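The values are calculated or read from the model by the stated rules, or taken from the named source; none is laboratory data. Just so it is clear, the model here is predicted, and its values are computed rather than measured. Positions of Cβ are generated from backbone atoms using ideal geometry, with glycine treated the same way; all protein chains shown enter the neighbour counts. Only protein heavy atoms, including side chains, enter the accessible area calculation; ligands, DNA and RNA are left aside. Shrake-Rupley method; radii C 1.70, N 1.55, O 1.52, S 1.80 Å.
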Amino acid sequence: MFLKPDYNLKRIYDIDLEALKDSGVKAMLFDLDSTLMASKSGKYSDEILEWLDKVRKDFFVAVVSNNNNQSYIEKVKAISDFPLLFDACKPKTDVVIPFLKKYNLAVKDCVLVGDRPLTDILCGKNLGCRTILVDSITAETEAPVVRFVRALERITIRK
């Protein structure tokens, strides 16, 4: 199986927000761990918060995460002022579709942004929305074994 994200970028900050807006994107759905924050940290960096403020000027912003750890979820909820969907079961869409309906979001108006081809990008493809694959926000500090696993997973990407 091969996946082809609509955009394959090094960093989340490389997303061309103007081009997305011009192409009709109205909502950006983000994976959480390793996309918006260091995995399991429960903290947004100041740089991410500043960037998200910029994004929110033109887009509906939400998080779609597979995380189901209740204490972690509560920690993230306490510091987030945008919609959050946890236990999303990506790459399945059964949980994501009702979430989109709740916020009156049409799939064609959404882009799903994440760091994992086999969960985030495949979920976006299954939904029928545009997708953006980014490298982990902590790529430079991840353990070698984590980088190796990520490299293996990216074999599924068609350039």
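Go through region 52-77 and report how many residues are over 21 Å from Val25 (Cα atoms) and crowded, with 17+ Cβ neighbours inside 10 Å. So that I can check it myself, show each step before the final result.
Here is the first cut: in region 52-77, the ones over 21 Å from Val25 (Cα atoms) are 66-77.
Retained after the next criterion (residues that are crowded, with 17+ Cβ neighbours inside 10 Å): 66-67, 72-73, 76.
Here the count works out to 5.
If we keep just the residues of region 78-91 that are over 13 Å from Phe60 (Cα atoms) and not hydrophobic (A, V, I, L, M, F, W, C), which is surrounded by the most Cβ atoms within 10 Å (Cβ to Cβ)?
Residues of region 78-91 over 13 Å from Phe60 (Cα atoms): 78-80, 85-91.
Next, only the ones that are not hydrophobic (A, V, I, L, M, F, W, C) stay: 80, 87, 90-91.
Numbers: Ser80: 17, Asp87: 13, Lys90: 25, Pro91: 20.
Here the answer is Lys90.
Within region 109-125, is even one residue hydrophobic (A, V, I, L, M, F, W, C) and without any contact (Cβ under 8 Å) to a residue 24 or more places away in the chain?
Step one: list which residues in region 109-125 are hydrophobic (A, V, I, L, M, F, W, C), which gives 110-113, 118, 121-123.
Adding the requirement that they be without any contact (Cβ under 8 Å) to a residue 24 or more places away in the chain leaves none.
No, because not a single residue in region 109-125 is hydrophobic (A, V, I, L, M, F, W, C) and without any contact (Cβ under 8 Å) to a residue 24 or more places away in the chain.
Do you know which residues across region 14-31 are of a type in the set (A, V, I, L, M, F, W, C), touching a helix residue (DSSP H, G or I) at 6+ places or on another chain (Cβ under 9 Å) and over 16 Å from Ile121 (Cα atoms)?
Correct list: Leu17, Val25.
Being within 14 Å of Leu133 (Cα to Cα), in a helix (DSSP H, G or I) and open to solvent by 50 Å² or more (accessible area, probe 1.4 Å) narrows it down to one residue among Leu49, Leu118; which is it? Spell out how you get there, then give the answer.
Working: Leu49 fails: within 14 Å of Leu133 (Cα to Cα).
Going through Leu49, Leu118 in turn, just one is within 14 Å of Leu133 (Cα to Cα), in a helix (DSSP H, G or I) and open to solvent by 50 Å² or more (accessible area, probe 1.4 Å): Leu118.
Restricting attention to region 92-105, does a residue exist that is in a strand (DSSP E or B), crowded, with 21+ Cβ neighbours inside 10 Å and at pLDDT 95 or above? Reasoning before the result, please.
Step one: filter region 92-105 for residues in a strand (DSSP E or B), giving none.
No, the conditions are met nowhere in region 92-105.
Of all residues in region 20-50, which are basic (Lys, Arg) and on the phi < 0 side of the Ramachandran plot? Step through it out loud before you land on a result.
Filtering region 20-50 for residues basic (Lys, Arg) gives 21, 26, 40, 43.
Those that are basic (Lys, Arg) and on the phi < 0 side of the Ramachandran plot: Lys21, Lys26, Lys43.
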